[in-house]
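Engineer: Here's a structure for you.
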Amino acid sequence: METVAVLGAGGIMGFPMARNLARDGFEVRAWNRTRERAEPLAEDGATIAATRAEAVAGAGVVLTMLSDADAVLEAMGGADGALSGLEQGAVWLQMSTIGISGTKRCAELAAERDVTLVDAPVVGTKQPAEQGQLVVLASGPSAVRERVQSVFDAVGQRTIWVGETGAGTRLKLVTNSWILAVVEGGAEAVALAEGLGLDPSLLFEALEGGPLDLPYLRIKGQAMAERRFEPSFRLALAAKDASLVEEAAGRHGLDLPLVEAVRRRFEEGVPEHGDEDMSATFLTSVGNGRST
């Protein structure tokens, strides 16, 4: 089994991923900027590292699960970054959602340090991460795929190998464009139901059993109707992801007005609700919980 260094091991996604790796028999070195958030992983046998260099020392694989491209590059680059301490032959699994330009910057950094980069963002939020049910969108050199597959199997239910490095991120952006549209569309439908004096549960009853009956919409819609916004995926990160989708569309000359509208609406909610679940975008439609 590989020794795996997990950078960002105290986050909503990084923590359960590190835990599942440790419980699956991997030797895990866990690092988080706020050390206290990663410390419970010691109960599962993980070693809590004080520094990035300590985390990657002797590790064959380093896995990054951080909030954005700048956080990833800061953790990996620089004189005291993780890449400076990686042993020859180590593999970098970049599993954060950082967009096309962020992935390109990581690829350039990996090439400078002669490290193999596998671009492998995931589909799923807190609960799938806890259950090891993520979908891994992997892309990278075929020579290392068999080597890292056991890591992906520990954190996910399925791995899709998309192609060469960077293709995983492109597929993640496409997937996110749909997920974010469903959440915002659901928020507006529930807000409209309430505004028209209807019980939002009638919406789901009307859709039940048909092709538009989406389990994800039911989960988020119920949370909106009940004003429950415990973060499964924070609104601030969803706004960041919407911005990455919009950036990618612009790079390729695409006119996607829905993506722009969703990004603007999510950003409107961030100042008050950024640390709540992304379904809290609903509160922007109803004035922080009051029906209009």
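Engineer: Please list, in order, the residues from region 207-244 whose amide nitrogen is less than 15 Å from a point placed 7 Å along the Cα→Cβ vector of Leu192.
Structural biologist: 207
Engineer: Against the longest alpha carbon principal axis of the chain, how many degrees, from 0 to 90 and to the nearest 10, is the axis of helix 257-273 turned?
Structural biologist: 80 degrees
Engineer: Can you show me the helix-derived [θ] at 222 nm for the chain, built from DSSP H runs with n ≥ 4 at -39,500 (n - 2.57) apiece and divided by the number of residues, rounded to the nearest 500.
Structural biologist: So the calculated ellipticity at 222 nm is -15000 deg cm²/dmol.
Engineer: Let me ask something else about it. Answer rounded, prolate or oblate for region 3-164, using the Cα gyration tensor with square roots of eigenvalues a ≥ b ≥ c: rounded when a/c is under 1.5, else prolate when a/b is larger than b/c, else oblate.
Structural biologist: Because its axes are fairly even, with a/c under 1.5, region 3-164 counts as rounded.
Engineer: Less than 13 Å Cβ to Cβ from Gln133, Lys/Arg counted +1 and Asp/Glu -1: what total charge do the surrounding residues give?
Structural biologist: Neighbour charge sum, excluding Gln133 itself: 0.
Engineer: Identify which of the listed values of Cα extents along the principal axes in Å was calculated from the structure shown: (i) 63, 46, 36; (ii) 56, 48, 38; (iii) 60, 50, 34.
Structural biologist: (i)
Engineer: Taking the 0 to 90 degree range and rounding to the nearest ten, how far is the long axis of helix 167-195 tilted relative to the main principal axis of the chain, both from C-alpha atoms?
Structural biologist: On a 0 to 90 degree scale, this one is about 30.
Engineer: In whole percent, what relative contact order does the chain give with Cα contacts below 8 Å and a gap of six or more residues?
Structural biologist: Over the chain, the number comes to 13 percent.
Engineer: I would also like to ask the following. What ranking do 201-213, 225-237 get when scored by the average of other Cβ atoms within 10 Å per residue, highest first?
Structural biologist: In descending order of packing, they fall as 225-237, 201-213.
Engineer: Quickly work out the Asp70-to-Leu214 label distance, labels modelled 7 Å from Cα along the C-beta direction, and quote it in nm with one decimal.
Structural biologist: 3.1 nm
Engineer: While we're on this one: Can you work out the PRE-style zone for Glu54? Point 7 Å along Cα to Cβ, and I want the residues of region 1-42 with backbone N under 11 Å.
Structural biologist: What the label zone holds, given the 11 Å backbone N cut-off, is 30-32, 35.
Engineer: Tell me, what is the FRET efficiency for Glu272 and Arg228 to the nearest 0.05, using R0 = 22 angstrom and their Cβ-Cβ distance as r?
Structural biologist: 0.85
Engineer: Same structure again: Given 0.36 nm per residue, what is the gain on full extension from Ala143 to Met1 after removing their alpha carbon distance, in nm?
Structural biologist: 49.4 nm
Engineer: If each of Arg251 and Ser84 carries a label point 7 Å out from its Cα toward its Cβ, how far apart are those two points in nm?
Structural biologist: Once both label points are built, they end up 2.8 nm from each other.
Engineer: Take each of the peptides 66-72, 105-111, average the number of other beta-carbon atoms within 10 Å over its residues, and list them starting from the highest.
Structural biologist: Answer by packing, highest mean first, reads 66-72, 105-111.
Engineer: Run down the lysines and flag those whose C-alpha is under 29 Å from the C-alpha of Lys104, throwing out any fewer than 8 positions away in its chain.
Structural biologist: Reachable lysines: Lys126, Lys172, Lys240.
Engineer: Using the Cα centre of region 140-292 as origin and beta-carbon charges of +1 (Lys, Arg) and -1 (Asp, Glu), tell me which of Gly269, Val190, Ile179 is placed farthest towards the positive end of the dipole.
Structural biologist: My answer, from the dipole projection, is Ile179.
Engineer: A follow-up question, please. How tilted is helix 14-23 with respect to the longest principal axis of the chain? Cα atoms for both, answer in degrees (0 to 90, nearest 10).
Structural biologist: Computed tilt is about 50 degrees.
Engineer: Let me ask something additional. Using R₀ = 30 Å, calculate the FRET efficiency as 1/(1 + (r/R₀)^6) where r is the Cβ-Cβ separation of Asp153 and Lys104; round to 0.05.
Structural biologist: Rounded to the nearest 0.05, the efficiency is 0.60.
Engineer: Excluding residues fewer than 8 places away in the same chain, name every one of the aspartates and glutamates whose C-alpha is closer than 17 Å to that of Lys220.
Structural biologist: Straight-line reach from Lys220, under 17 Å: Glu184, Glu188, Glu194, Asp199, Glu205, Glu208, Glu230, Asp275, Glu276, Asp277.
No lab work stands behind these numbers, since they all come straight from the coordinates. This is a predicted model, so every value here is computed, not measured. Positions of Cβ are backbone-derived with ideal geometry, glycine not excepted, and every protein chain shown enters the neighbour counts.
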